[in-house]
Amino acid sequence: MIFGPLESSINAATQVGLLIIGLVIGLHHSIEADHLAAVSTMVTTANNKSSKFRAPMLGIL
């Protein structure tokens, strides 16, 4: 395996730490003004209830 030595040197605590850092950065990025404007535009221009529910779910992702 080409990545064998690298994979064996990364322990579980490092992986969890990286996931937490990624989550925090992603949450911070999701509340920026351009994303909030895009989601609010999708919600206000939606014609049916399923579209109004889907837009915030896409914003969460």
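A search for C-beta distances below 6 Å between a residue of the range 34-53 that is not hydrophobic (A, V, I, L, M, F, W, C) and any residue that is not in a helix (DSSP H, G or I), counting only pairs 6+ apart in sequence or on different chains, returns LYS52/ALA46.
Mind listing whichever residues of the range 30-60 are part of a helix (DSSP H, G or I), modelled with pLDDT under 85 and loosely packed, with under 10 Cβ neighbours inside 10 Å?
Of the range 30-60, the ones part of a helix (DSSP H, G or I) are 30, 33-45, 49-60.
If we keep only those that are modelled with pLDDT under 85 as well, we get 30, 35-36, 38-45, 49-60.
Those that are part of a helix (DSSP H, G or I), modelled with pLDDT under 85 and loosely packed, with under 10 Cβ neighbours inside 10 Å: THR44, LYS49, SER50, MET57, ILE60.
State whether the residues of the range 8-15 include one that is at pLDDT below 70 and surrounded by fewer than 10 Cβ atoms within 10 Å (Cβ to Cβ). Checked the range 8-15: at least one residue is at pLDDT below 70 and surrounded by fewer than 10 Cβ atoms within 10 Å (Cβ to Cβ).
The values are calculated or read from the model by the stated rules, or taken from the named source; none is laboratory data. These figures come from a predicted structure and were not determined experimentally. Cβ atoms come from the backbone with ideal geometry, glycine included; neighbour counts cover every protein chain shown.
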